[in-house]
Amino acid sequence: MPRKGHAILEAFIDALTWDEAIGRITQWGAGHESRYVCICNVHSVVTTTQDVEFKVAVNNADMSTADGAPIAWTLRRLGYPSQERINGPDLMLKYLEQAERLGQIVFFYGSTETTLALLRSALAARFPRLRIGGTYSPPFRPLTMGEDNEVVEMINASGANVVFVGLGCPKQEIWMAEHRGRINAVMVGVGAAFDYHSGVLKRAPLWWQQHGLEWLYRLASEPRRLFKRYLITNTLFVVGLLRQFATGKITYSDAAP
């Protein structure tokens, strides 16, 4: 089936419902199809205009969802009026509900050993029948070819249907692109979802999320780390979007890849 969606700056974003997103991941996972899913917020979309390798990774994904209220709002303006925000933390939980029901196996790649241990404990309490095939916290350096091959073998041997990747943008998207065809599972880049669901980070209250203010809550929580990122990234996004609407120019493709 051809994908429906639209380019936002230089990233193709799929227009789809929650049911469609979870359904695709579940179906692909059932067949151990080697695919990957990018969950794109404003930072991701702006990064496609600055990093060619990242741009290629996002636009070659099997699915790219509208994370971040501004991305969902933009898709609505571009012809998909019912588009919802499909973000990493919620997508992870919604899929895990299906995985527990269907007996699909999940694997978690990224973050720290401490966070992964807390995550396993939290998920065991919430989804007692969930089958976790394993976890892996990579070192803070590139893996050697031998180490990488061992990780791939470990993930495949676990029988994982879906691998959640929590390396942050742009590392997780590039990692998934490099491992499609090698890992026999659906890889989903979920950013800080491991930290949220393990309790390491507190997520914004639901009202903030529903009104597109989760970024502001995060900024208030970590101002020193995030102020420059949000100031620069949000400004570039607004300027780029105004240019796109003013010129009618679609910088990636008006059709699905």
**Request:** Take Ser111 and decide whether it is among the hydroxyl-bearing types (Ser, Thr, Tyr), closer than 15 Å to Phe12 by Cα and open to solvent by less than 40 Å² (accessible area, probe 1.4 Å).
**Result:** no
State yes or no: is Asn60 modelled with pLDDT of 95 or more and of a type in the set (S, T, N, Q)? yes
Given the conditions (1) within 28 Å of Lys228 (Cα to Cα); (2) open to solvent by less than 30 Å² (accessible area, probe 1.4 Å); (3) part of a helix (DSSP H, G or I); (4) not small (Gly, Ala, Ser), every one holds for Ile25 apart from (1)
Log entry, pairs with first residue in segment 74-89 being within 16 Å of Met63 (Cα to Cα), second being surrounded by 15 or more Cβ atoms within 10 Å (Cβ to Cβ) and polar (S, T, N, Q), beta carbons closer than 7 Å, six or more apart or on different chains, reads Leu75/Gln83; Ile86/Thr65
Those residues of segment 13-22 that are open to solvent by 10 Å² or more (accessible area, probe 1.4 Å), in contact (Cβ under 8 Å) with a residue 60 or more places away in the chain and in a helix (DSSP H, G or I) come to a total of 2
Would segment 3-12 turn up any residue that is surrounded by fewer than 22 Cβ atoms within 10 Å (Cβ to Cβ) and not small (Gly, Ala, Ser)? yes
Restricting attention to segment 139-169, the residues that are crowded, with 18+ Cβ neighbours inside 10 Å and not polar (S, T, N, Q) number exactly 9
- In this structure, is Arg224 open to solvent by 40 Å² or more (accessible area, probe 1.4 Å), assigned to a loop (DSSP other than H, G, I, E, B), modelled with pLDDT of 70 or more and not β-branched (Val, Ile, Thr)? no
Those residues of segment 58-73 which are surrounded by fewer than 24 Cβ atoms within 10 Å (Cβ to Cβ) and out of contact with any Gly (no Cβ under 6 Å at 6 or more places or on another chain) amount to Asn59, Asn60, Asp62, Met63, Gly68, Pro70, Ala72, Trp73
Inside segment 39-58, the number of residues satisfying the requirement of being in contact with a Cys (Cβ under 9 Å, 6 or more places away or on another chain) and either of a type outside the set (A, V, I, L, M) or farther than 27 Å from Thr26 by Cβ (or both) is 7
Exercise. Kindly check whether there is at least one residue in segment 163-172 that is at pLDDT below 95 and among the small types (Gly, Ala, Ser).
Key: yes
Of the residues in segment 172-190, those that are under 18 Å from Pro89 (Cβ atoms) and not in a strand (DSSP E or B) come to Gln172, Glu173, Met176, Val190
Filter segment 194-215 for residues that are surrounded by 14 or more Cβ atoms within 10 Å (Cβ to Cβ) and modelled with pLDDT under 75; the one that is nearest to Leu118 (Cα to Cα) is Arg203
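The values are calculated or read from the model by the stated rules, or taken from the named source; none is laboratory data. Owing to the predicted nature of the structure, the values given are computational and were not obtained by experimental measurement. As a convention, Cβ positions derive from the backbone with ideal geometry for all residues, glycine included, and neighbour counts pool all protein chains shown. Remember, those area values only see protein heavy atoms, side chains included, never the ligands or the DNA or RNA. Shrake-Rupley method; radii C 1.70, N 1.55, O 1.52, S 1.80 Å.
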